[in-house]
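Down below is the structure, laid out as structure tokens.
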Amino acid sequence: MSLKARLSQPDILTAPGVYDGLTAALAADAGFEALYLSGAAVAYTRLGRPDIGLSTLSEMADTMALIRDRVDLPVIIDADTGFGNALNAQRTMRIYERAGANALQVEDQSYPKRCGHLADKSLIPRAEMVGKIKAMADARAHEETLIIARTDAIAVEGFESAMDRAEAYTAAGADILFIEAPRSTEEMQAITTTFGPRIPLLANMVEGGATPINSATDLQTMGFSIAIFPGGIVRALAHAAQDYYASLKANGSNTPFAARMFDFDGLNRVIGTEEMLARGRTYDAAEE
């Protein structure tokens, strides 16, 4: 089922954050219907750096292509600001589509951007963002590829300005609306009351961020269509990795940590090593 078709159903779509083929495969095995390729997660893992606009278009597209080679699920990809002006945003659309993305999230921050839950963000003019949305719509090869318009205006210009920008982005042709970092349940409810009947809405759950954490079920009750948990996997793995390295340094062995990790055979079972080798053997036996 396409992402567009899935969003026509009443149940909320939960998309966990992923950042490579392994996390994508694990999320797919867990039963999720779609994935979210987080720019922040790529910055955290590939660069070991914060989400302040350091990740490049090529790094994101390469990561998307590797994930698409591993899983068939729809993938929502973070396109940041489109990596420049409207023409850059068109190029981002074309490259991300070829890499296998099903939806592109583009935001109205100035470049370089920063995480939506960090302070001191700045925005481009509303008209410029409207132009980017229209440019991306013109550039996409498939109508099934969706454009998610994100505004970060709440923290910069206030809630009413964010709502005004969201109206303009909806009129410009956005397929999904993402008003970043509402600060209360009341603001979240105002968003869904105003826009929910007209356009699918995305909610971003960031542990420790500005928005109250809610379950997918609660977000659905509010009127949201998509719930993303973009950086949770990195926070979980970073915590585990910190403990692992500390244990190895202290003990000179992985034995004290063994209950918290896969052994060699266990990981190979998870990633399907034997199944893949068996598939390869069928080609070895093929007649010339």
Expected max-MSF residue from GLN220, GLN242, GLN105 in the GNM of the chain (alpha carbon, under 10 Å) is GLN242
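Can you check how the C-alpha radius of gyration of the stretch 1-151 compares to 2.2 N^0.38 Å, as a plain ratio?
Numbers: Rg = 14.7 Å, N = 151, 2.2 N^0.38 = 14.8 Å.
So the stretch 1-151 has a normalised radius of gyration of 0.99.
Accessible area of the chain with a 1.4 Å probe: how many percent of it is carbon plus sulfur?
Reported share for carbon and sulfur atoms: 53 percent.
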Charge tally for neighbours of GLY31 with beta carbon under 15 Å away, counting Lys, Arg as +1 and Asp, Glu as -1, is -3
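Counting other C-beta atoms within 10 Å, and keeping those with at most 13, which DSSP coil GluC sites (Glu not before Pro) do you find in the stretch 206-282?
On the way: sites: GLU207, GLU274, GLU275; in loops: GLU207.
Taking the stretch 206-282 and a limit of 13 other Cβ atoms within 10 Å, the loop GluC sites (Glu not before Pro) found are GLU207.
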Residue span ASN268 to ALA171: 0.36 nm per residue of separation minus Cα-Cα distance leaves a gain in nm of 30.0 nm
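Please compute the per residue accessible area over the chain with all protein chains in place, 1.4 Å probe, rounded to a whole number of Å². It would help to have the intermediate numbers written out before the result.
Details: 14100 Å² over 288 residues.
Dividing the accessible area of the chain by its residue count gives 49 Å².
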So the angle from the long Cα axis of helix 273-284 to the longest Cα principal axis of the chain, reported in degrees to the nearest 10, equals 80 degrees
Here the relative contact order (percent) of the chain, from C-alpha pairs under 8 Å and at least 6 apart, is 17 percent
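Please give me the summed charge of the neighbours of LEU7: other residues whose Cβ is under 14 Å from its Cβ, Lys and Arg +1, Asp and Glu -1.
Details: positive: LYS4, ARG6, ARG198; negative: ASP11, GLU33, GLU143, GLU144, ASP175.
That sum, taken over residues with Cβ under 14 Å, equals -2.
Between beta-carbons, use under 11 Å as the cut-off and find the net charge around ASP78, counting Lys and Arg +1, Asp and Glu -1.
Working: positive: LYS113, ARG150; negative: ASP51, ASP80, GLU107.
That works out to -1.
Throw me the Rg/Rh for the chain, computed over C-alpha atoms with Kirkwood Rh, two decimals. Let's see the in-between values first.
Details: Rg = 20.2 Å, Rh = 20.0 Å.
Here the Rg-to-Rh quotient is 1.01.
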1/(1 + (r/R0)^6) with r = Cβ-Cβ of ARG98 and ALA238, R0 = 25 Å, i.e. FRET efficiency to nearest 0.05, evaluates to 0.20
Between the Cα axis of helix 126-139 and the main Cα principal axis of the chain, the angle (0 to 90°, nearest 10) is 50 degrees
Per-residue ellipticity at 222 nm attributable to helices in the chain (runs of n ≥ 4 DSSP H, -39500 (n - 2.57) apiece, nearest 500 deg cm²/dmol) works out to -14000 deg cm²/dmol
Candidates GLY272, GLY53, GLY84; GNM for the chain (alpha-carbon contacts under 10 Å) flags as most fluctuating GLY272
Karplus ³J(HN,Hα) for the stretch 97-107 (6.51 cos²θ - 1.76 cosθ + 1.60, θ = phi - 60°; Hz, whole; x = Gly/Pro) runs 4, 5, 6, x, 6, 9, 8, 10, 9, 10, 10
Within the set ASP263, ASP138, ASP218, GNM on the chain using Cα springs under 10 Å gives the largest fluctuation to ASP263
The number of Lys pairs in the chain whose alpha carbons lie under 23 Å apart, excluding pairs fewer than 8 residues apart on one chain, is 6
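Given the C-alpha atoms of the stretch 128-227, compute the convex hull and give its volume per residue in Å³. List each step's numbers first, then the result.
Working: hull volume 9.9 nm³, N = 100.
So the per-residue Cα hull volume is 99 Å³.
The values are calculated or read from the model by the stated rules, or taken from the named source; none is laboratory data. Model, not experiment: these values are computed from the prediction. Glycine gets a Cβ as well: all are built from the backbone with ideal geometry, and neighbour counts include every protein chain shown. Keep in mind that these areas ignore ligands, DNA and RNA; they rest on the heavy atoms of the full protein, side chains included. Shrake-Rupley method; radii C 1.70, N 1.55, O 1.52, S 1.80 Å.
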